[in-house]
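In what follows, a single structure is set out as structure tokens and then discussed.
The values are calculated or read from the model by the stated rules, or taken from the named source; none is laboratory data. Predicted model, so just to flag it, every value in this text is computed and none were measured. For neighbour counting, all protein chains shown are included, and Cβ atoms are generated from backbone atoms with ideal geometry for every residue, glycine included. Keep in mind that these areas ignore ligands, DNA and RNA; they rest on the heavy atoms of the full protein, side chains included. Shrake-Rupley method; radii C 1.70, N 1.55, O 1.52, S 1.80 Å.
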Amino acid sequence: MSRVILLPRAVLSRLKALASAMLSVCALLAFTSAAHAQDIEPRAYSNAPIGVNFLVGGYAYTDGGLSFDSSLPLTDPRLSTSSAIVGYARVLDLWGKSAKFDVTAPFSWLSGSADYDGQGLRRSVSGFMDPGFRLSVNLYGAPALSLKEFGQYRQDLIVGVSLRFTAPLGQYDDERIVNLGTNRWSFKPQVGVSKALGRWTLEGTAAATLYTDNNDFYGGNSRSQDPLYSLGTSVIYSFKSGIWASLDGTYFAGGRTTLNGELNNDLQQNWRVGATLAFPVNARNSVKAYASSGVSARTGNSYDLVGIAWQYRWGGGL
């Protein structure tokens, strides 16, 4: 005769809280897209047990005014992409603070058209986009904890910082105006704040994306770009089952470009909104669905994005 083991309600509550936190730690991988400065990342600064690893695989589709390189002088872009996304993350202990390192490597298929200096262009290409790397550290409110210690953890206020950079390793052809890679480095320092209010969590971020010059831009020209500044916010609700959902928004401005020393009239002042739904499948697997859309755009990059990601986790005592 089989036995049914009933866990105490307090234990079930801790397990659900753990599942929710573990599910959220790789939110930073969910919105990986060509326009890295426009990422929407709910729960990017959540806490998780030290030593846990995450493998993420996903698919994302974009359609509309997407530019992989925000310095491109394109008008009326009508581009669509299908991207396969692979990512890895690990939770670290840095001087008693919880931290995360992650790397993403998207492979994309792009097709569509755009105008450049009044001339219509068509493009169809596939290949790797620039890979991204990030280290984030929770400076306050999220100490480094073992899996056993994490069962007693309850979030209040978290303050964290991160640095993300992309390397110029993606597909690039200097005889083409539209490419998947950007042929330059980018660096994005960010500060984030997360405040839990019962089942609700309010988050805010501020960041600046800095770019190196592209000295082999479309026929050997030199192109530079000013920093692109961004503000983000998320309102998140966590359900008892471990599922959570969020409404998200981001605003970014700046990023004027210079071609061979001549300043262009391409200042960006753009808004995006999005939503995320994440739910656990079992102790090691979870699924996340997400979408975002451009609300207004002074220059380009007003596109629609939908995607889904699967996450597998191991290590750290799981």
| said: Pairs needed: first member in the range 226-239, under 30 Å from residue 261 (Cα atoms); second member anywhere, open to solvent by less than 70 Å² (accessible area, probe 1.4 Å) and of a type in the set (Lys, Arg); C-beta distance under 9 Å; at least 6 residues apart or different chains. | reply: 228/188; 230/188
| remark: Of the candidates 69, 102, 130, the one satisfying the condition of being at pLDDT 90 or above, outside any strand (DSSP E or B) and open to solvent by less than 20 Å² (accessible area, probe 1.4 Å) is 130
| message | Of all residues being at pLDDT 95 or above and surrounded by fewer than 16 Cβ atoms within 10 Å (Cβ to Cβ) in the range 234-249, which is nearest to the chain's Cα centre (by Cα)? Just the residue, please. | response | 247
| request: Select, from 208, 245, the only residue that is under 19 Å from residue 159 (Cα atoms), touching a Phe, Trp or Tyr at 6+ places or on another chain (Cβ under 6 Å) and in a strand (DSSP E or B). | output: 208
| task | Count, please, the residues in the range 88-99 that happen to be open to solvent by 60 Å² or more (accessible area, probe 1.4 Å) and part of a strand (DSSP E or B). | result | 4
| field | Residue among 202, 267 that alone is surrounded by fewer than 21 Cβ atoms within 10 Å (Cβ to Cβ) and farther than 30 Å from residue 156 by Cα | value | 267
| message | Anything in the range 248-273 that is in contact with a Pro (Cβ under 8 Å, 6 or more places away or on another chain) and either farther than 26 Å from residue 214 by Cα or not in a strand (DSSP E or B) (or both)? List them, or say none. | response | 248, 255, 264, 266
| message | I'd like the residue in the range 274-285 that is assigned to a strand (DSSP E or B) and touching a residue at least 40 places away in the same chain (Cβ under 8 Å) and, out of all such residues, is surrounded by the fewest Cβ atoms within 10 Å (Cβ to Cβ). | response | 279
| Counting only residues that are closer than 30 Å to residue 155 by Cβ and either in a loop (DSSP other than H, G, I, E, B) or open to solvent by 40 Å² or more (accessible area, probe 1.4 Å) (or both), how many does the range 211-233 have? | 3
